[in-house]
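Chemist: I have a structure here, written as structure tokens, and I will follow up with some questions on it.
The values are calculated or read from the model by the stated rules, or taken from the named source; none is laboratory data. Note that this is a predicted model, so its numbers are computed, not measured. A quick note on method: Cβ atoms are made from the backbone with ideal geometry, for glycine too, and the neighbour counts reach across all protein chains shown.
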Amino acid sequence: MLTDFTTLETLRQHHLFDKLPESAFIEVGNLANLRRLDSSDILFHQGDTADRFYLLLEGQIILTRVLPEGNEKLVEIIQPGQVFADSLLFCGTRHYPATASALKSSCLVSIDNAHYRRLLEEQPSICLELLASFSIRLHQRLTEIDTLAVANASRRVVRFLCQEQAGSNGQIRLSVPKRLIASQLGIQPETFSRILHRLIDAGLIAMERRNIRVINTLRLANYCE
């Protein structure tokens with residue numbers, strides 16, 4: 001049961017909950033749980049029963065997936081304010097397709113899937129708005145897939161850097177190992193490192209360990225043109 005006013009307000013502002021009638025939202029708060037994880041703690045494993053979804057309040061959560069050939073792939077890094085595992089509410093998947101673990105000490109709200117689905121069944125008008133939101137997210141995923149399918153390795157790395165530095169004055173902190181970022185981009189770790197060094201030699205970025213500074217955003221964006 002959630003009792004903290006700030007936590008309830010954060011939950012209420014998310015698009016999955018902001019259109020719920022007050023009585024339904026109170027039900028959510030009564031049945032939701034607060035979870036705290038230390039760095040490296042596992043929230044759920046790939047293949048576990050998918051019976052809950054989560055809103056991250058503090059910290060960072062990393063989603064990774066082990067592919068059939070045994071390679072580990074970075075799926076996404078969850079930031080505060082984001083919900084994850086929610087798409088499983090509607091796709092009929094009974095098991096988590098990825099492993100969720102804490103990159104740093106984290107605090108999450110845990111919501112029961114079955115209860116939330118029942119609330120939506122009682123409020124069908126809300127479902128249309130949620131479908132619009134899911135459609136936007138699907139479009140974003142398709143754009144990422146298109147980039148991986150047609151872009152060469154250098155373009156993938158440049159696109160990643162441009163996205164990461166947006167709104168941060170050109171400062172990028174790699175919060176996960178390079179090998180996982182490389183797997184997310186569909187390239188080998190050695191290729192990722194080699195491209196970073198090319199960008200350094202070209203005077204487009206500076207790098208110290210996991211900290212990257214974009215020196216010239218416009219030239220970086222046009223690097224592969």
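Chemist: Kindly indicate whether D18 is of a type outside the set (G, A, S), within 21 Å of I136 (Cα to Cα), modelled with pLDDT under 90 and touching a Phe, Trp or Tyr at 6+ places or on another chain (Cβ under 7 Å).
Modeler: So D18 does not fit the description; no.
Chemist: Restricting to the stretch 17-34, what's the tally of residues that are surrounded by fewer than 17 Cβ atoms within 10 Å (Cβ to Cβ), in contact (Cβ under 8 Å) with a residue 60 or more places away in the chain and either of a type in the set (K, R) or not in a strand (DSSP E or B) (or both)?
Modeler: Within the stretch 17-34, residues that are surrounded by fewer than 17 Cβ atoms within 10 Å (Cβ to Cβ), in contact (Cβ under 8 Å) with a residue 60 or more places away in the chain and either of a type in the set (K, R) or not in a strand (DSSP E or B) (or both) number 4.
Chemist: Still on this structure, I have one more. What are the pairs with Cβ atoms under 8 angstrom where one residue, in the stretch 164-181, is within 19 Å of L220 (Cα to Cα) and the other, located anywhere, is in a helix (DSSP H, G or I) and among the polar types (S, T, N, Q)? Sequence gap at least six, or different chains.
Modeler: Q165/T217; G170/T217; Q171/Q165; I172/Q165
Chemist: Additional query: Looking at the stretch 89-102 only, could you name the residues that are touching a strand residue (DSSP E or B) at 6+ places or on another chain (Cβ under 7 Å) and closer than 15 Å to H45 by Cα?
Modeler: R94, H95, Y96, P97, A98, T99, A100, S101, A102
Chemist: What pairs can you find where one residue is in the stretch 208-225 and without any contact (Cβ under 8 Å) to a residue 24 or more places away in the chain, the other is aliphatic (A, V, I, L, M), and their Cβ atoms are less than 7 Å apart, with a gap of 6+ or different chains?
Modeler: Sorted first by the residue in the stretch 208-225, then by its partner, the pairs are N216/L204; R219/L204.
Chemist: Counting just the residues of the stretch 209-220 that are more than 24 Å from the chain's Cα centre (by Cα) and aliphatic (A, V, I, L, M), which one comes out nearest to R159 (Cα to Cα)?
Modeler: Out of the qualifying residues, it is L220.
Yes/no matrix, rows are residues, columns are (1) within 29 Å of V66 (Cβ to Cβ); (2) not aliphatic (A, V, I, L, M):
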residue: L161; (1), (2): yes, no
residue: I172; (1), (2): yes, no
residue: G186; (1), (2): yes, yes
residue: L196; (1), (2): yes, no
residue: D201; (1), (2): no, yes
residue: I215; (1), (2): no, no
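Chemist: Yes or no: G47 touching a Cys at 6+ places or on another chain (Cβ under 8 Å), on the phi > 0 side of the Ramachandran plot, in contact (Cβ under 8 Å) with a residue 24 or more places away in the chain and among the small types (G, A, S)?
Modeler: It is false that G47 is touching a Cys at 6+ places or on another chain (Cβ under 8 Å), on the phi > 0 side of the Ramachandran plot, in contact (Cβ under 8 Å) with a residue 24 or more places away in the chain and among the small types (G, A, S).
Chemist: Would you check which residues across the stretch 175-208 are assigned to a loop (DSSP other than H, G, I, E, B) and either within 24 Å of the chain's Cα centre (by Cα) or assigned by TED's automatic domain parsing to the domain that holds A102 (or both) and list them?
Modeler: Across the stretch 175-208, the qualifying residues are S175, V176, P177, G186, I187, Q188.
Chemist: Among all residue pairs at least 6 apart or on different chains, which show Cβ distances below 8 Å where the first residue, located in the stretch 54-69, is over 25 Å from G29 (Cα atoms) and not assigned by TED's automatic domain parsing to the domain that holds N113 and the second is at pLDDT 90 or above and among the charged types (D, E, K, R)?
Modeler: Matching pairs, first to second residue: none at all.
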